[in-house]
Amino acid sequence: MCRAARQTLLSLVVLALLAAPSAAGNLTYTVTAVLPHDPQAFTQGLVFSQGYFYESTGLNGRSSLRKVEPATGRVVQKRDLPAKDFGEGLALVGADLIQLTWTTGKAYVYDAASFQPKAELPLDTEGWGAAATPFGLLTSDGSDTLTWRDPATMKAVRTLRVTDGQKPLALLNELEWVDGWILANVWHDDRIVVVSPATGKVAAWIDCAQLRSRTPGLPDDSDLNGIAWDPATRRLFVTGKLWPSIYVLSLEGLPKP
């Protein structure tokens, strides 16, 4: 399928999904802070660890791995990807950062402290989102199926099909593990979905449309994308591609898994 036809098909799928009512309700939240974010960063993956953001940015020729100071948005460490690679999801696994690529069939492993490359692993599908979980590395590929992988080899270990009521939920993108739940961005949707890792069922949504309304003038491809969690302070950080801000949310009513 050519790129134009593929894009048209995906757009039709998005419209169908957005038109269908969800079986799950919305969680409420409070915006507790707004942090600066590089408006040129096409955010594909976001991690918070030891007081810093680690970010994967996309677009060919502009993809990078970054360490960012939250209070200022200053990039304190950066490694550019080869121009042929489109950076995607990012996860911190032990002392390693694992960065997916979109269509070049590989994942990069870096030392988290130095950003020095440690390995290049094969990826048997498109790379979209990634997150470290207690059950291994979790990845998405834009479908309705999430895949746990062995982070040492990137080989698939287990899959999880995500459903909202009885409907499959496709276009799953950036991922984060939060208090026993999987949180996922949905491509072209201003909502984050809360998924049970045991059943794949959607338990709730986090509607971030108000965050977009607070950020006027965003370009067309500025999808909500980028979720990070700080378990110590129970803060959820969310941003988007080319967004000038990272929003800090305090979730209310997150159910027990």
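Structural remarks
- Residue within the stretch 196-206 that is closer than 25 Å to residue 247 by Cβ, in contact with a Lys or Arg (Cβ under 7 Å, 6 or more places away or on another chain) and touching a residue at least 40 places away in the same chain (Cβ under 8 Å) present: yes
- Breaking point among (1) closer than 28 Å to residue 143 by Cα; (2) touching a strand residue (DSSP E or B) at 6+ places or on another chain (Cβ under 8 Å), for residue 104: (2)
- Conditions (1) modelled with pLDDT under 95; (2) farther than 26 Å from residue 243 by Cα; number of the one not met by residue 215: (2)
- Set side by side, the residues 71, 112, 83 differ, and just one is surrounded by 15 or more Cβ atoms within 10 Å (Cβ to Cβ) and among the small types (Gly, Ala, Ser), which is 112.
- Extreme residue, farthest from the chain's Cα centre (by Cα), among residues of the stretch 238-247 that are assigned to a loop (DSSP other than H, G, I, E, B) and of a type outside the set (D, E, K, R): 244
- Taking the stretch 174-188 as the range and being surrounded by fewer than 19 Cβ atoms within 10 Å (Cβ to Cβ) and among the charged types (D, E, K, R) as the test, only 179 passes.
- Failed condition for residue 201, given (1) of a type in the set (D, E, K, R); (2) open to solvent by less than 10 Å² (accessible area, probe 1.4 Å); (3) closer than 20 Å to residue 256 by Cβ: (2)
- If you check 242, 224, 171 for being open to solvent by less than 60 Å² (accessible area, probe 1.4 Å) and under 22 Å from residue 123 (Cβ atoms), only one passes: 171.
- Any hit, the stretch 218-237, residues being over 14 Å from residue 46 (Cα atoms), assigned to a strand (DSSP E or B) and among the aliphatic types (A, V, I, L, M): no
- Taking the stretch 33-68 as the range and being open to solvent by 50 Å² or more (accessible area, probe 1.4 Å), touching a Phe, Trp or Tyr at 6+ places or on another chain (Cβ under 9 Å) and closer than 24 Å to residue 209 by Cα as the test, the residues that pass are 34, 39.
- Only strands (runs of 3 or more DSSP E) whose full extent lies in the stretch 140-195 are considered here, and the ones with at least 1 residues that are among the aliphatic types (A, V, I, L, M) and touching a Ser or Thr at 6+ places or on another chain (Cβ under 6 Å) are 145-149, 156-161, 172-178.
- The residue list 62, 74 contains one member that is at pLDDT 95 or above, within 26 Å of residue 220 (Cα to Cα) and either touching a strand residue (DSSP E or B) at 6+ places or on another chain (Cβ under 8 Å) or small (Gly, Ala, Ser) (or both), which is 74.
- The stretch 90-130: number of residues that are among the basic types (Lys, Arg) and either in contact with a Leu (Cβ under 6 Å, 6 or more places away or on another chain) or modelled with pLDDT under 95 (or both): 1
- Any hit, the stretch 189-196, residues being of a type outside the set (Gly, Ala, Ser), within 15 Å of the chain's Cα centre (by Cα) and open to solvent by 30 Å² or more (accessible area, probe 1.4 Å): yes
The values are calculated or read from the model by the stated rules, or taken from the named source; none is laboratory data. Because the structure is a prediction, the values reported are computed rather than measured. Quick reminder, even Gly has a Cβ in these numbers, built from the backbone with ideal geometry, and neighbours come from all protein chains shown. Calculation scope for accessible area: heavy atoms of the full protein, side chains included, ligands and nucleic acids excluded. Shrake-Rupley method; radii C 1.70, N 1.55, O 1.52, S 1.80 Å.
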